[in-house]
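Written out below as structure tokens is the structure these notes cover.
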Amino acid sequence: MGAESNSDIYSISIDGTDLQRLTETPDSEEDLSRSPDGSRLAYYATGDGRMYSLYVSNADGTEPRRLAPFMRTVDFREPPVWSPDGRRIAYARGFGCGEVICDRQEVWVTNAFSGQSRRLAKSAVHPAWSATRLAYTRARLITIGREPAYRLGVVLARVDGSRPQMLVRRGEGPSWSPSGRFLAYRGFDGYGPTRVFRIRSDGAQRRRLQSPFDPVAAAWSPSGRHIAIVGGTLPTVYVVEANGRRLRNFGRIDLDSEHGLSWSPDGRRLAWPRGKRIFVQAVVGGPRRTISVGKEVLGVVWSADGRRLFFVAA
């Protein structure tokens with residue numbers, strides 16, 4: 001999404017009342033995430049749709065601070081990722097980017113207070129932190145015939161990016177379980193379509209989960225009991241039990257918002273956008289709640305206390 005959309009950040013009570021606009025700038029704010037303690041927000045802002053800046057603000061939108069300018073990747077777009085201690089933010093940067101592809105991607109980390117930045121990994125996207133490890137997707141640009149493509153794999157490293165080791169070849173998009181013992185990722189089983197897999201962090205107990213055709217996102221619930229998946233011919237939200245069984249269809253999601261769904265802090269509810277509405281659904285029983293906000297919603301994040309939703313809308 002480019003700057004002409006002029007998206008901003010809002011928050012709203014879970015009952016659909018008390019809508020608040022948190023940003024109102026000439027730039028377009030995009031791809032929101034919340035710090036682990038709930039006190040701060042991280043997001044990207046752009047004036048032209050190509051050059052971006054990483055910002056941090058208080059959870060009510062006050063005291064925004066520009067931490068780092070960068071060029072976003074073209075093929076791999078995702079929100080900034082907070083470290084478990086809330087002191088650092090990881091994100092993917094693109095270099096030599098054209099309209100459809102970048103010459104290379106790198107994962108960088110920025111101190112959430114000082115703005116000091118450094119590279120964590122080359123040829124890398126999709127950073128994900130556990131308390132003791134860093135996972136990311138290694139994305140090496142190759143040529144198949146005359147067309148550019150990526151060779152993808154899931155890598156584990158220390159939290160500072162040192163001692164990287166390939167965990168999965170032909171996989172991408174790692175998501176840690178709350179315990180840090182397992183990862184979910186999107187990968188291939190032979191030469192069939194992409195599916196979602198679960199694997200232990202030492203490479204053991206790899207299992208293919210029930211998942212839709214061609215998933216584009218997978219996110220572990222804070223409770224560790226479920227994994228939310230976006231996929232299918234028409235982008236749809238699914239939930240599967242962490243043991244890989246009982247895949248359930250929760251409803252459609254907009255194509256540009258595949259990374260915009262969010263688990264509640266207790267892992268009991270899921271929120272996701274579609275059009276000018278936010279859907280909130282209990283994972284086990286209960287009716288679906290629909291919150292209409294009057295603007296195109298691009299991504300949703302729960303507050304730390306589970307009482308409000310932050311979202312980006314244009």
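The values are calculated or read from the model by the stated rules, or taken from the named source; none is laboratory data. Worth saying up front: this structure is predicted, and the values here are computed from it rather than measured. Using ideal geometry, Cβ is built from the backbone for each residue, glycine included, and neighbour counts are taken over all protein chains shown.
Among the candidates ARG151, ARG207, ARG181, single out the residue that is charged (D, E, K, R) and either crowded, with 20+ Cβ neighbours inside 10 Å or under 12 Å from ALA242 (Cα atoms) (or both).
ARG207
Quick one: in the stretch 76-104, which of the residues that are closer than 19 Å to ASP31 by Cβ and among the charged types (D, E, K, R) is nearest to the chain's Cα centre (by Cα)?
Among them, the one singled out is GLU78.
Of all residues in the stretch 288-312 being part of a strand (DSSP E or B) and touching an Asp or Glu at 6+ places or on another chain (Cβ under 9 Å), which is farthest from ASP254 (Cα to Cα)?
Across the stretch 288-312, the extreme among qualifying residues is ARG308.
If you take the residues in the stretch 233-246 that are more than 15 Å from ALA217 (Cβ to Cβ) and surrounded by 15 or more Cβ atoms within 10 Å (Cβ to Cβ), which one is modelled with the lowest pLDDT?
GLY244
In the stretch 266-282, what residues are closer than 19 Å to HIS226 by Cα, of a type in the set (A, V, I, L, M) and buried (at least 21 other Cβ atoms within 10 Å of the Cβ)?
LEU270, ALA271, VAL280
Looking at (1) in contact with a Lys or Arg (Cβ under 6 Å, 6 or more places away or on another chain); (2) among the aliphatic types (A, V, I, L, M); (3) under 17 Å from ASP305 (Cα atoms), find the lone condition where VAL56 falls short.
(3)
Hey, among the residues in the stretch 270-287 that are part of a loop (DSSP other than H, G, I, E, B) and β-branched (Val, Ile, Thr), which one's nearest to ARG252 (Cα to Cα)?
Per the stated criteria, the residue is VAL283.
What residue, of ARG146, ARG138, is closer than 15 Å to TYR185 by Cβ and either of a type outside the set (Asp, Glu) or surrounded by fewer than 15 Cβ atoms within 10 Å (Cβ to Cβ) (or both)?
One residue alone meets the criteria, ARG138.
Could you list, in sequence order, all residues of the stretch 107-127 that are surrounded by fewer than 21 Cβ atoms within 10 Å (Cβ to Cβ) and outside any loop (DSSP other than H, G, I, E, B)?
Result: TRP108, ASN111, SER117, ARG118, ARG119, LYS122.
I need the full set of residues from the stretch 290-314 which are modelled with pLDDT of 95 or more and of a type in the set (Lys, Arg), in order please.
Of everything in the stretch 290-314, those that are modelled with pLDDT of 95 or more and of a type in the set (Lys, Arg) turn out to be ARG307, ARG308.
Looking only at residues in the stretch 93-103 that are more than 15 Å from LEU54 (Cα to Cα) and out of contact with any Lys or Arg (no Cβ under 7 Å at 6 or more places or on another chain), which one is surrounded by the fewest Cβ atoms within 10 Å (Cβ to Cβ)?
Among residues in the stretch 93-103 that are more than 15 Å from LEU54 (Cα to Cα) and out of contact with any Lys or Arg (no Cβ under 7 Å at 6 or more places or on another chain), the one surrounded by the fewest Cβ atoms within 10 Å (Cβ to Cβ) is GLU99.
Can you tell me which residue among SER33, SER13, SER7, SER57 is within 15 Å of VAL312 (Cα to Cα), small (Gly, Ala, Ser) and at pLDDT below 95?
SER7
Report yes if PRO212 is surrounded by 20 or more Cβ atoms within 10 Å (Cβ to Cβ) and at negative phi, otherwise no.
Here the answer is yes, as PRO212 does meet what is asked.
Among the residues of the stretch 59-82, are any aliphatic (A, V, I, L, M), within 19 Å of ALA131 (Cα to Cα), surrounded by 16 or more Cβ atoms within 10 Å (Cβ to Cβ) and touching a residue at least 40 places away in the same chain (Cβ under 8 Å)?
yes
From ARG104, ARG151, ARG146, ARG133, grab the single residue that is in contact (Cβ under 8 Å) with a residue 24 or more places away in the chain and over 20 Å from ARG72 (Cβ atoms).
ARG133
Look through LEU152, LEU183, LEU134 and report the one residue that is in a strand (DSSP E or B), at pLDDT below 95 and either of a type in the set (Val, Ile, Thr) or within 20 Å of the chain's Cα centre (by Cα) (or both).
LEU152
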